[in-house]
Structure formats: C-alpha cells, structure tokens
Amino acid sequence: MSHQIEIVSGISKRKFLTNILKFDNGFFISISEEKLRISSISVSLATTNQTNTAKVIQDKNDQLFIDTLSRRISLMINGICIISFFAKNKLQFEDMKIINDEILKLIEDNNNEQE
C-alpha cells in the first residue's frame, strides 16, 4: 500500500502532505507542511503490547504528538512505525486531531482489508 493524501485543517487552513508506505512489518509515514520534506523522525517498535520509541531527529515543538502517533500505529499493527514530521510552526490541537484521525483511519482501513 502506498498512499499520498493532502490533509487541510478546518480552522487554521494549514495544508499537510502525507505519504504512507506499507511494508510487511510496518509503515513509513511522512507528514510535511506545504512541501515534501524529511525532518524530525520518530521510530516505534511494538512487541507483545509494549512499545519502544526512539527519537532519531527530535522536533522542537511537536515531539509528543509524533511519538504518540508512532506508538499507536506500531501497537495497532504489532510492528514498526517510522514517522517523519515537518511543520513550519507549532501545531494547534485541532491540527493534531485532524492529522491523527486521517492517518489512523487509513491504517485501520488497510488492516481491515487484509483480514
């Protein structure tokens, strides 16, 4: 599975380009504002309902959001999730919610198709 979607926040009107690459044992997800960029990177590995997360390149504003999303996805798939995230400014709560919901929906839909 390979998806490229555009997520636009309803309130702030910020545009995030999202690429999702599926592998047999996990996902690579790139989220970047306006242009495709590699920036902060968080890697999570789930084994038996526990996750280990490493901050490869730390984000100065939204590290908790990136780590939480990475952990959730790795637990959903019981595998590896690598997230690269770039934003020009700190995310608002509504932006986080929209990005989180859209990505999790795609991952869940993909898992349901495989069952």
Within the stretch 1-42, restricting to residues that are crowded, with 19+ Cβ neighbours inside 10 Å and of a type in the set (A, V, I, L, M), the one that is farthest from Ile83 (Cα to Cα) is Ile20
Flagged pairs (Cβ under 7 angstrom, 6 or more apart or on separate chains; first in the stretch 21-33, free of Cβ contacts under 8 Å to residues at least 24 places away in the same chain; second part of a strand (DSSP E or B) and buried (at least 20 other Cβ atoms within 10 Å of the Cβ)) are Leu21/Phe27
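Could you list all residues from the stretch 91-115 that are hydrophobic (A, V, I, L, M, F, W, C) and touching a residue at least 24 places away in the same chain (Cβ under 8 Å)?
If the condition is that a residue be hydrophobic (A, V, I, L, M, F, W, C) and touching a residue at least 24 places away in the same chain (Cβ under 8 Å), then Leu91, Met96, Ile98, Ile99, Ile103, Leu104, Leu106, Ile107 are the ones that fit.
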Per the filter on the stretch 46-71, residues closer than 20 Å to Leu17 by Cα and touching a helix residue (DSSP H, G or I) at 6+ places or on another chain (Cβ under 7 Å) are Asp59, Phe65, Leu69
Scanning the stretch 96-113 for residues that are more than 13 Å from the chain's Cα centre (by Cα) and either under 18 Å from Ser32 (Cβ atoms) or modelled with pLDDT of 90 or more (or both) gives none
Log entry, pairs with first residue in the stretch 5-18 being under 15 Å from Lys88 (Cβ atoms) and in contact (Cβ under 8 Å) with a residue 12 or more places away in the chain, second being outside any strand (DSSP E or B) and polar (S, T, N, Q), beta carbons closer than 9 Å, six or more apart or on different chains, reads Ser9/Gln92; Ser12/Gln92; Arg14/Asn89; Arg14/Gln92; Lys15/Ser9; Phe16/Ser9
With respect to Gln92, is the statement that it is surrounded by 13 or more Cβ atoms within 10 Å (Cβ to Cβ) and of a type outside the set (Val, Ile, Thr) true? yes
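Would it be correct to say that Asp67 is buried (at least 17 other Cβ atoms within 10 Å of the Cβ) and either of a type in the set (D, E, K, R) or more than 12 Å from the chain's Cα centre (by Cα) (or both)?
Taking the combined requirement at face value, the residue satisfies it.
The values are calculated or read from the model by the stated rules, or taken from the named source; none is laboratory data. Remember, it's a predicted structure, so these values are computed and weren't measured experimentally. In this analysis, Cβ positions are derived from the backbone assuming ideal geometry, glycine residues included, and neighbour counts consider all displayed protein chains.
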